[in-house]
Amino acid sequence: MAVAFTGAGWIPIETNPDVIQKVQQTSAVERFGNHVPMGSNTLYTPRSGGVVLGRWAKSTSAPADSSPNDSVLLASDKIGGKVTVAEEDMSDSLASIVDTKSVDAGSSYGKLFDNVTLGITASKATSGWLFDSLYYVLTQSDTVTGYTANANLTTGATAATYDNLSAALGLYEVGDFFDEAETVVIAHPSFKQVLRGIKNANGDPIFQESSNGTAGGGQAATARTLFGYDLQFSMGAKTSAAGSANPTGKPFIVFGNRQYLQVGDRNPLALNFQDSQTGIGVDTDENVLYFRARKGFAVGAPGAFSMLVIG
């Protein structure tokens, strides 16, 4: 489907179903996350330490709950880039080139967004991003929710096994934020071979993968599960010092409650076009495609997730 190109201003390309599909295929955080509309660069969303109920005796005051309450800050950051295309390559088939580059941009965006939201090992003050990743959040204590630093982060394993996968999942399952219906799994594709070889006590593979029959190899939602929970693989699920669309760090798998995977929607992935007839393109007879998105992210509660890092 061709992008509705007008030659002026930022054009949202997430209205293109091919781009939407590519983003969802490559970004597990975009697919699974709890999306929150943002009307400004920052937004506070309420967070509760829980609600404790008890027996309310007849003709007495209701039992008081002392659980703390605060907010989680969603801060939007900008992701983008530019692509230079010679006038000769643009003049014959503008729409197809724009579509192709838009789908490619969606793929790059998805991998980068997953990496910066899940895998950056440094704080936002060090990495330069305006929000902290899940990895970093799991290394910090949270007095509001009672989480202890590194409690749900498992590192040092040289390989994924049935036992350490089960143990990592168990750290999340025994916590206050476990919800079976909302549980999702995000893993780097390097886990595929390992998972295919792991069998349960009956000798059956624990990883089941199938397609819904959609043409092209099941381009829509698939029936991937791990331990009964929805699973998506992401190339962004590797550790990184500052964030990358092609991270080279250690692969990891995340188990957690999708409702606490807060994604702030400020501006969708969009395209702008600088033609070769005006501005900087005149000198080189080249066109420039600019891509931009503004997104926020926050971990609602660290205890709502666990992560196993391999290597």
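Among the residues of the range 275-285, is any in contact with a helix residue (DSSP H, G or I) (Cβ under 7 Å, 6 or more places away or on another chain) and in a strand (DSSP E or B)? Quick ask: steps written out before the conclusion?
Narrowing the range 275-285 to residues in contact with a helix residue (DSSP H, G or I) (Cβ under 7 Å, 6 or more places away or on another chain): 275-276, 285.
Going one step further and asking which of them are in a strand (DSSP E or B), we end up with none.
No, that holds for no residue.
Could you list, ordered by first residue, the pairs with Cβ atoms under 6 Å in which the first is in the range 22-33 and more than 15 Å from residue 260 (Cβ to Cβ) and the second is of a type in the set (D, E, K, R), at least 6 apart or interchain?
23/30; 24/31; 26/111; 27/114
Scan the range 17-35 and tell me whether some residue there is at pLDDT 90 or above and surrounded by fewer than 19 Cβ atoms within 10 Å (Cβ to Cβ).
Yes, some residue in the range 17-35 is at pLDDT 90 or above and surrounded by fewer than 19 Cβ atoms within 10 Å (Cβ to Cβ).
Looking at this structure, is residue 298 farther than 22 Å from residue 140 by Cβ, part of a strand (DSSP E or B) and either of a type in the set (Gly, Ala, Ser) or touching a Leu at 6+ places or on another chain (Cβ under 6 Å) (or both)?
For residue 298, the condition - farther than 22 Å from residue 140 by Cβ, part of a strand (DSSP E or B) and either of a type in the set (Gly, Ala, Ser) or touching a Leu at 6+ places or on another chain (Cβ under 6 Å) (or both) - is not met.
Is there any pair with a first residue in the range 51-69 that is within 23 Å of residue 146 (Cβ to Cβ) and exposed (fewer than 10 other Cβ atoms within 10 Å of the Cβ) and a second that is at pLDDT 80 or above and of a type outside the set (Ser, Thr, Tyr) whose Cβ atoms are under 8 Å apart and which are 6 or more apart or on different chains, and what are they?
What qualifies is 53/63; 54/63.
Name the residues in the range 231-262 that are under 24 Å from residue 15 (Cβ atoms) and surrounded by fewer than 21 Cβ atoms within 10 Å (Cβ to Cβ), would you?
245
Tell me which residues, restricted to the range 205-239, are part of a loop (DSSP other than H, G, I, E, B) and modelled with pLDDT under 80.
206, 209, 210, 211, 212, 213, 214, 219, 220, 221, 222, 223
Pairs please, first residue from the range 220-242 and among the aromatic types (Phe, Trp, Tyr), second anywhere and surrounded by 23 or more Cβ atoms within 10 Å (Cβ to Cβ) and at pLDDT 95 or above, Cβ atoms under 6 Å, 6+ apart in sequence or on different chains.
Going by the 6 Å Cβ cut-off, the qualifying pairs are 229/185; 233/187.
Got a sec? Which of 308, 271 is crowded, with 18+ Cβ neighbours inside 10 Å and at pLDDT 95 or above? Write out each step before concluding.
Numbers: 271 fails: at pLDDT 95 or above.
Within the list 308, 271, the selection yields 308.
Can you list residue pairs whose Cβ atoms sit under 8 Å apart, with the first residue in the range 151-164 being farther than 13 Å from residue 191 by Cα and the second being assigned to a loop (DSSP other than H, G, I, E, B) and of a type in the set (Ser, Thr, Tyr)? Count only pairs 6 or more apart in sequence or on different chains.
From the range 151-164, the pairs are 153/139.
The values are calculated or read from the model by the stated rules, or taken from the named source; none is laboratory data. Remember, predicted model here, so these are calculated numbers, not experimental data. Note that each Cβ is placed from the backbone with ideal geometry, even for glycine, and that neighbours are counted across all protein chains shown.
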